[in-house]
1. On average, how much area does the Cα convex hull of region 114-239 cover when viewed from any direction, in nm²?
2. Only four residue types carry charge here, +1 at the Cβ of Lys and Arg and -1 at the Cβ of Asp and Glu. Report the dipole size of the chain about the Cα centre in Debye, rounded to the nearest 20.
3. Would you order Tyr213, Tyr147, Tyr284 from fewest to most other beta-carbon atoms within 10 Å of each residue's own beta-carbon?
4. Report, in degrees rounded to the nearest 10, the 0 to 90 angle that the Cα long axis of helix 28-39 makes with the longest principal axis of the chain.
5. In Å and on Cα atoms, what radius of gyration and Dmax does the chain show?
6. Quick check on the exposure proxy: order Ile169, Ile117 from fewest to most C-beta atoms within 10 angstrom.
7. So what is the 222 nm mean residue ellipticity for the chain from helices alone, if each DSSP H run of at least 4 adds -39500 (n - 2.57) and you divide by all residues, rounding to the nearest 500 deg cm²/dmol?
8. Which one, Ala123, Ile181, Ala54, projects farthest toward the positive side of the charge dipole computed for the chain from Cβ point charges (K/R +1, D/E -1)?
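Quick note: the coordinates plus some simple rules give every number you see, no bench work behind them. This structure is a prediction, so every number in the text was calculated from the model and none was measured. Glycine gets a Cβ as well: all are built from the backbone with ideal geometry, and neighbour counts include every protein chain shown.
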Amino acid sequence: MDRLIEAIESKQNPSVVGLDPTPALVPAQVMGAYAVEAGEYVEDDDDNLAATGAAAAYFEFNRAIIDAVADIVPAVKPQIAMYEALGPAGIDCYTMTCQYARENGLYVIGDIKRGDIGSTAAAYAKHLTGFDGADVWHEDAVTVNPYLGSDGIEPFTAAAQEADRDLFILVRTSNPSSAQIQELELNGGTRVYEHVADLVEQWGADTIGRFGYSRTGAVVGATHPEEGAALRARMPHTFFLVPGYGAQGGTAQSVAGMFDRDGSGAIVNSSRGIIGAWRNDPRYSETLEPETALEIVADNAREAAKDMRDQLRVALA
């Protein structure tokens, strides 16, 4: 986790921008322009025409945001599902986005939430090690689901160690129905998420870096501030990825307890609050040229990222 912590310290900003594009979050004229462009290269009756155009639009949207925030934030977190929805063109867009972010000096968290065992888990872990010596995914860390236990985690911890990468394991997530499983009480009074937290701390024990945190991080939702603060004390060597800020209700004040006493130990994600900020700009109109619309996207993303940074600085002061 050392490289991420260094990036956070360099920017003095523990926030990450979630790059989760959807047709509703990309300006209509941008979607339309690249649909037309795709039609010049893809046969009209090709089932991939719409997806190819959407993937091209997503990439230009992502590129505009990355250009706007690269000097403000230390990291981005693309959610792979948004890209997989488009098929092969979407996967290309995902890897191109990760590569472009890397080229602009950003740490890339691949939000893939994989979970399986054996050879399948080992194959998923290629997100970290690459294939045949090639870094095909361009990710610095990935998210992992621990439901299958250590059989599903060990291939990722081994891959992270081999490739000098990191991972974030789901512990206490921000979605409302997470309580159906995560808050169940085990024998002895420990809740499921607390037991998982203990496992995550153990799984990373042999990889603690020079800042006191292991390669094995935890996903802890901003919508659970009291539990997050308790987990901070329970997991002293585990770095937190904190989703749920902004659109899901998390605030700078609610996440402050998830940081350590030095103001480190966590990075907070905002997706829609940054990449969708343009929708509240009165300058925007569907009659604008695509390039102008993307300029408005970039302007608003930059201001939203700066505002989030400043709010976190105040809360952690």
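1. Details: hull surface 32.8 nm².
Projected over every direction and averaged, the Cα hull of region 114-239 covers 8.2 nm².
2. Working: 23 positive and 47 negative charges, 271 e Å.
I would put it at about 1300 debye.
3. Details: Tyr213 26, Tyr147 11, Tyr284 17.
Placing the least packed residue first, the sequence is Tyr147, Tyr284, Tyr213.
4. Tilt of helix 28-39: around 70 degrees.
5. When restricted to Cα atoms, the chain yields Rg and Dmax of 19.6, 64 Å.
6. Exposure proxy ranking, most exposed first: Ile117, Ile169.
7. Numbers: 14 runs with 150 residues, N = 317.
Mean residue ellipticity at 222 nm (helix-derived): -14000 deg cm²/dmol.
8. The one lying farthest along the dipole's positive direction is Ile181.
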